[in-house]
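The values are calculated or read from the model by the stated rules, or taken from the named source; none is laboratory data. All figures in this text were calculated on a predicted structure; none of them were measured in a lab. Cβ coordinates were reconstructed from backbone atoms using ideal geometry, including for glycine residues, and neighbour counts include every protein chain displayed. Keep in mind that these areas ignore ligands, DNA and RNA; they rest on the heavy atoms of the full protein, side chains included. Shrake-Rupley method; radii C 1.70, N 1.55, O 1.52, S 1.80 Å.
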Amino acid sequence: MQLVATGGIDGKIKLWEKGITFASFDDHIGEVTGLIFAKKSVLVSCGIDGTVKAYDTARYKQFR
């Protein structure tokens, strides 16, 4: 499975596969400024709110 992650000015992060959104996170207050896949099922994000968050993309949960 190949995932694509996008972050928006609304603070939402969306996970995509084959052009379809299948998961969404809205933990940032304000714009998402960076995203990186750290491991096979870990996505790390940072936002204009000054926070860094980590997500488990297999369980669709924030864990840090």
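For region 21-35, does any single residue satisfy the condition of being surrounded by 15 or more Cβ atoms within 10 Å (Cβ to Cβ) and free of Cβ contacts under 8 Å to residues at least 12 places away in the same chain?
No: region 21-35 contains no residue that is surrounded by 15 or more Cβ atoms within 10 Å (Cβ to Cβ) and free of Cβ contacts under 8 Å to residues at least 12 places away in the same chain.
For region 6-20, enumerate the residues that are farther than 15 Å from Tyr60 by Cα and open to solvent by 80 Å² or more (accessible area, probe 1.4 Å).
Ile9, Asp10, Lys18, Ile20
Within region 21-45, can you find the residues that are touching a Lys or Arg at 6+ places or on another chain (Cβ under 9 Å), of a type in the set (Val, Ile, Thr) and over 16 Å from Phe63 (Cβ atoms)?
Thr21, Val32
If I ask for residues that are charged (D, E, K, R), open to solvent by 100 Å² or more (accessible area, probe 1.4 Å) and either part of a loop (DSSP other than H, G, I, E, B) or under 20 Å from Asp10 (Cβ atoms) (or both), which ones from region 36-60 would you list?
Selection gives Lys40, Arg59.
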